[in-house]
Each structure stands twice: as C-alpha cells, then as structure tokens.
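Below is one structure, written out as structure tokens, with a few remarks after it.
Only the coordinates and a few stated rules stand behind these numbers; no lab work does. Just so it is clear, the model here is predicted, and its values are computed rather than measured. Note: ideal-geometry Cβ built from the backbone for every residue, glycine included; neighbour counts use all protein chains shown.
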Amino acid sequence: QVQLQESGPGLVRPSETLSLTCSVSGGSITSYYWGWIRQPPGKGVEMIGYISKTGTPKYNPSLKSRLTISTDSSQKQFSLNLKFVTAADTAVYYCTGLMARWFGDKSPGPWFDPWGPGILVTVSS
Amino acid sequence: QSVLTQPPSVSGAPGQRVTISCTGSSSNIANFDVHWYQQLPGTAPKLLISGNRNRPSGVPDRFSGSKSGTSASLVITGLQAEDEADYYCQSYDSSLSAVFGGGTKLTVL
C-alpha cells in the first residue's frame with residue numbers, strides 16, 4: 001500500500017520560494033501519477049498540479065507561472081516549487097497519488113488517492 | 001468561488017439520511033467522473049467515492065454516489081456521529097484540469 005509523507009520548511013518569507021518534497025513508500029514512483037493539493041486555513045481544497053508517469057506536468061492555471069512539479073525516481077520522491085510566495089499561499093499542503101480509469105487513450109478524469117498527512121506552510125516575514 | 005458548487009452545510013440526526021449535492025457544468029461534471037472525499041477534523045481528506053459511484057475497500061455501504069447531467073450527489077444513510085466531517089466533490093474540467101467543490105460541513109445533531 002502506497003504511503004506518502006510531505007517534508008519541508010514550515011515558514012517561508014514573502015517573495016521567496018516554497019519548496020516541498022513528498023517521499024513515496026510501498027510502491028513504485030514510476031507507476032503512478034503524483035500531485036499536490038493545498039488547503040488554506042479554514043477553507044476548501046485546491047489542486048496545485050500533478051505530474052504524469054512520463055514526467056509531464058499539469059498545473060493549475062492560476063499558479064502555472066510560479067510553479068514547478070518534478071520527480072526524482074532515484075530518491076522515490078517528488079517535489080513542489082512555488083516561487084514568489086505571498087500570504088495567500090499560506091496553507092496545508094498535501095501530496096497525493098492520482099488514479100484514473102482509462103478507455104483506450106481517454107480517461108473520464110483522475111481522482112486523488114492516497115493522501116499524505118499534510119504539512120502547514122506559513123508565508124510570513 | 002469554486003468551479004463545483006456544494007451547499008456549505010447539511011445536518012441530520014443519527015439514523016437519518018442526508019444528501020450532499022455537487023453542481024457543475026458541461027465542461028466538467030457532464031463529461032467527466034465525479035469523486036467524493038471525506039475530511040475528518042484535523043486530518044487529510046480521504047477518498048470516499050470514485051468514478052461517480054464506486055466505494056473503495058473499507059468504505060461502508062451507507063455511503064453512495066450518483067451522477068446525472070451536470071450534477072452529482074453523495075447520499076449517506078443511517079447517519080452516525082462519526083460521519084461528522086467535511087465532504088468535497090471533485091471532477092475534471094476541460095479548461096482547468098482537476099477541480100473541487102467548496103466543501104460541505106456535515107453536522108450530526
């Protein structure tokens with residue numbers, strides 16, 4: 001059973017880069033899609049982006065210009081880098097696996113499973 | 001504003017049935033699957049329903065999902081105190097990628 005664990009700094013200064021890593025255990029990192037989701041305090045969840053088995057990323061359009069998601073197969077990790085952060089980026093960040101049904105080369109859309117426990121990142125000076 | 005619309009809150013007494021709706025559009029729910037997540041207080045969301053109506057192993061059959069047109073529903077029957085949580089629907093949008101509803105807080109009276 002795949003398990004995920006986020007790691008990284010809990011405090012980031014405004015205008016700097018938020019960098020998080022997700023460690024994968026219990027499964028092959030090359031066999032799944034991987035994603036990041038965030039949840040501002042007291043609010044709902046928002047997809048940040050995800051990366052395919054072949055390393056192709058898909059980003060939330062609202063974050064695309066600041067965002068990079070990548071994988072490191074040798075370390076069984078994938079990572080998130082979000083540049084030029086502001087207080088609006090304060091949130092609990094979750095790493096997730098993605099699953100999907102496929103009908104030939106078409107899919108009715110992915111779902112997120114499993115989820116890491118989450119890490120709170122605060123943007124503040 | 002979320003792309004998918006859910007009621008902010010619903011409530012029910014133990015043993016009752018509650019329904020949580022999720023409304024979208026032709027660019028998302030009408031053409032893509034809907035999935036549901038349960039978020040217990042202080043924890044990460046957990047997959048509850050995938051592919052409109054499929055329950056992962058371990059999810060009680062008190063939880064069921066359905067989809068019709070541009071809307072989907074999560075039904076919980078035989079409500080229990082442990083069901084008190086936030087519930088999120090999720091789909092895919094042809095313009096935006098994966099999208100979530102704003103979440104519904106279920107209170108068990």
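Inter-chain Cβ neighbour count for A:103-112, averaged per residue, equals 6 (cutoff 10 Å, partner chain atoms only). Remark: for residue pairs A:53/B:67; A:43/B:46; A:64/B:46; A:43/A:76, the C-alpha separation exceeds 24 Å in A:53/B:67; A:64/B:46; A:43/A:76. Counted residue by residue at 0.36 nm each, then reduced by the alpha carbon distance between them, the extension gain from residue A:30 to residue A:2 reaches 8.8 nm. Applied to segment B:86-102, the Karplus parametrisation 6.51 cos²θ - 1.76 cosθ + 1.60 on θ = phi - 60° returns per-residue 3J(HN,Hα) values of 9, 10, 10, 9, 8, 9, 10, 10, 5, 9, 10, 5, 5, 10, 10, x, x Hz, with x for Gly and Pro. Per residue of B:86-93, other chain Cβ atoms within 10 Å of the residue Cβ number 3 on average.
Neighbour counting of Cβ atoms within 10 Å sorts the residues A:103, A:112, A:84, fewest neighbours leading, into A:103, A:84, A:112.
Across peptide A:32-38, the average count of Cβ atoms from other chains found within 10 Å of a residue's Cβ is 1. When you restrict to C-alpha pairs under 8 Å that are six or more residues apart and normalise by the size of chain B, the relative contact order lands at 39 percent.
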